[in-house]
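The values are calculated or read from the model by the stated rules, or taken from the named source; none is laboratory data. Note that this is a predicted model, so its numbers are computed, not measured. Cβ coordinates were reconstructed from backbone atoms using ideal geometry, including for glycine residues, and neighbour counts include every protein chain displayed.
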Amino acid sequence: MASRRLLLGFLALAACDEKKEAAQQPAAPPPAVFVARAALQPITQGADFVGRVEALEKVEVRARVTGFLHEVTFTEGQMVKAGDMIYEIEREPFLAELAQAQAQLERAEADARNATLQVARGRELIRSNTISQATQDQRVADADSATATVAARKAEVDKAKIQLGYTRILAPISGRIGRTAVTPGNVVSPSSGVLTTIVRQDTMRVVFPVSQRQILAWRKVAGDGELDTVKAKLKLADGSLYDQVGKLNFVDVRTDRATDSVLVQAIFPNPKNVLSDGQFVSVVVEAEAPRQAIVIPQSAVQIDQAGTFVLVVGPGNKVEVKRVKLGRGPAGQSIVEDGLPEGAMVITEGAQRARPGSVVAPRPAEGLPAGAVPGRAG
């Protein structure tokens, strides 16, 4: 019995020692988290589209008369000016037709002069009753017919001159000329099709379809909807940015019923001939004046069943939950539309160790100076 009491005494003494040791142990330090400041920065609102490059002026050159092609006077791919001769069709047959038409005109003019003289003589003869009135009337009719014949022959001469002029095919516009579809010695005619194409390349237009959903987003970019407040940029096939800035100058008045989209057009300078007719490009439409917006790193954003939220470090380094409404921002960042004041410290790393209401040890997030560099919201 005495040994049992002694054992219980030892156990009680050991328990007291354990409580003292537990009381003497220091409390665990608050967990460390990385934070970034919600900063106000200029954001250029923008939207991306897919478009096709079109020439402002493009002419398909065709023959207007039938004949043997005598000469091709251009080098494929060269720049030509409006009025430059680019093809010449054999001229001799057309020169002969012109000479024949002129000869017929001269004959008709001679007949007309003779008919006029006959009418004048008839007026004298009819006074002396030498000829009848019917004969005189016939002479007047013959003179009128001769005059009409002269007019017809003049038209034939003009036509022959026009046909002769068509033997020299001139460039209708200034621009870069393409490949020739025919070579000298071949017969060309209006049914021969396109002989070559001339494209004006100093300025190009880019046409791109915009859906109704995108139109609504674009109108937010454009502000009051003025085209002058919007600029356009291009991304080329290799992902590089085209070095010229374009301007929107046309929005179609009709919506395509099949695609529920409208066509928008932008004009771009093309001094180095980088853009070519028919080329596919990515169009970046941006507001010319940036707007100020609160921006946070995307790593701070969390989602649960109630929506989107961020954890912020409040007074006393206590963790708070802020429900936010976000928009698209620059790469790696989000725009805060509502729910977070400027200057709030949002947790970017270590959120799994932070609980609402708990105390944390905030540290600045390296490489995440939100708002340090202006960006574009796409």
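For Ile169, the stated conditions hold: it is within 23 Å of Pro93 (Cα to Cα) and either without any contact (Cβ under 8 Å) to a residue 40 or more places away in the chain or of a type in the set (A, V, I, L, M) (or both). Considering the range 85-104 alone, what residues qualify as being surrounded by fewer than 19 Cβ atoms within 10 Å (Cβ to Cβ), among the aliphatic types (A, V, I, L, M) and in a strand (DSSP E or B)? Selection gives Met85 alone. Restricting to the range 150-177, name every residue that is touching an Asp or Glu at 6+ places or on another chain (Cβ under 7 Å) and among the small types (Gly, Ala, Ser). If the condition is that a residue be touching an Asp or Glu at 6+ places or on another chain (Cβ under 7 Å) and among the small types (Gly, Ala, Ser), then Ala160, Ala171, Gly175 are the ones that fit. Considering only the range 329-341, I want to know if a residue exists there that is small (Gly, Ala, Ser) and in a strand (DSSP E or B). The answer is yes, given that some residue of the range 329-341 is small (Gly, Ala, Ser) and in a strand (DSSP E or B). Beta carbons closer than 6 Å, at least 6 apart along the sequence or on distinct chains, pair a first residue in the range 92-103 that is in contact (Cβ under 8 Å) with a residue 40 or more places away in the chain and assigned by TED's automatic domain parsing to the domain that holds Glu156 with a second that is surrounded by 16 or more Cβ atoms within 10 Å (Cβ to Cβ) and charged (D, E, K, R) for Ala101/Glu156. Put simply, of Ala63, Ala82, Ala47 the only residue that is assigned to a loop (DSSP other than H, G, I, E, B) and within 30 Å of Val281 (Cα to Cα) is Ala82.
Scanning the range 183-217 for residues that are in the same structural domain as Gly51 (by TED's automatic domain parsing), touching a residue at least 24 places away in the same chain (Cβ under 8 Å) and part of a helix (DSSP H, G or I) yields Gln212, Gln214, Ile215, Ala217.
Among the conditions (1) without any contact (Cβ under 8 Å) to a residue 24 or more places away in the chain; (2) at negative phi; (3) not basic (Lys, Arg), the only one that Asn129 does not satisfy is (2). Can you find even one residue in the range 133-154 that is among the basic types (Lys, Arg), touching a residue at least 40 places away in the same chain (Cβ under 8 Å), surrounded by fewer than 19 Cβ atoms within 10 Å (Cβ to Cβ) and over 30 Å from Ala112 (Cβ atoms)? No, the range 133-154 contains no residue that is among the basic types (Lys, Arg), touching a residue at least 40 places away in the same chain (Cβ under 8 Å), surrounded by fewer than 19 Cβ atoms within 10 Å (Cβ to Cβ) and over 30 Å from Ala112 (Cβ atoms). Assess whether Thr149 counts as being closer than 30 Å to Glu92 by Cβ, among the β-branched types (Val, Ile, Thr) and either under 60 Å from the mean Cα position of the chain (by Cα) or not in a helix (DSSP H, G or I) (or both). The answer is yes for Thr149.
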